[in-house]
Amino acid sequence: MDDRVVIEGSEDEAAGLPTILADLVRGNLQARPGRARVLDRMRGAVTVTAGSGEEAVGATLVFENGRMRVRPGADPSVPVGVTGTFEGILGLSRIPMAGALPHPFKAATWAFAGAMRRGEVRIRGLLRAPGRLLGLLRLVSVD
């Protein structure tokens, strides 16, 4: 297990989205050790919320000192985040990266852009913290 990615809270609180995100980043760090540099540069927090209404589950990812702490629940005070359907949020992991940016000519990138156009995914704080959101993409992308 990668000690750079830590889940906070009880097992019940962390079940679901927080665990999925933590495992996704851990797997990517193991499969692509170069992505540790991305984690080293990340600062601040990002929320991720999947679903809506009573069905919504969230996580707050806090980046500091080359580590990622995953807290159950989306902290409403964090101005940077991604919200969407479960499928839309999982689409983040399918976006292929071309260096530090999403690959513009791949079908998965276009599919995610379509989900954003249809309102299935919303990104908050892109202009405030583009590096944080792009870093999150690099950490979760499995392509």
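Considering region 42-66, the residues that are closer than 26 Å to ALA111 by Cβ and of a type in the set (Gly, Ala, Ser) include one that is surrounded by the fewest Cβ atoms within 10 Å (Cβ to Cβ), namely GLY53.
Of the set (1) buried (at least 21 other Cβ atoms within 10 Å of the Cβ); (2) within 11 Å of the chain's Cα centre (by Cα), all apply to LEU39 but (2). Listed by first and then second residue, the pairs with beta-carbon distance under 9 Å, at least 6 apart or on different chains, first residue in region 108-129 and at positive phi, second surrounded by 13 or more Cβ atoms within 10 Å (Cβ to Cβ) and in a strand (DSSP E or B), are GLY119/GLY84; GLY125/VAL46; GLY125/GLY81.
Please verify whether region 67-90 includes one or more residues that are part of a helix (DSSP H, G or I), open to solvent by 20 Å² or more (accessible area, probe 1.4 Å) and basic (Lys, Arg). Spell out how you get there, then give the answer.
Initial filter on region 67-90 (part of a helix (DSSP H, G or I)): 86-90.
Okay, now just the ones that are also open to solvent by 20 Å² or more (accessible area, probe 1.4 Å), so 86-87, 90.
Imposing the further condition that a residue be basic (Lys, Arg) reduces the set to none.
Looking through region 67-90, none of the residues is part of a helix (DSSP H, G or I), open to solvent by 20 Å² or more (accessible area, probe 1.4 Å) and basic (Lys, Arg).
ASP23 satisfies every condition listed in (1) within 22 Å of VAL142 (Cβ to Cβ); (2) outside any helix (DSSP H, G or I); (3) open to solvent by 40 Å² or more (accessible area, probe 1.4 Å) except (2). Looking across region 49-66, the residues that are of a type in the set (A, V, I, L, M, F, W, C), under 21 Å from PRO130 (Cβ atoms) and either free of Cβ contacts under 8 Å to residues at least 60 places away in the same chain or part of a helix (DSSP H, G or I) (or both) come down to ALA59, VAL62.
The values are calculated or read from the model by the stated rules, or taken from the named source; none is laboratory data. Since we're looking at a predicted model, the values are computed, not measured. Virtual Cβ from ideal backbone geometry, glycine too; neighbours counted across all protein chains shown. Each accessible area value is taken on the protein alone, full model and side chains, heavy atoms only, with ligands, DNA and RNA left out. Shrake-Rupley method; radii C 1.70, N 1.55, O 1.52, S 1.80 Å.
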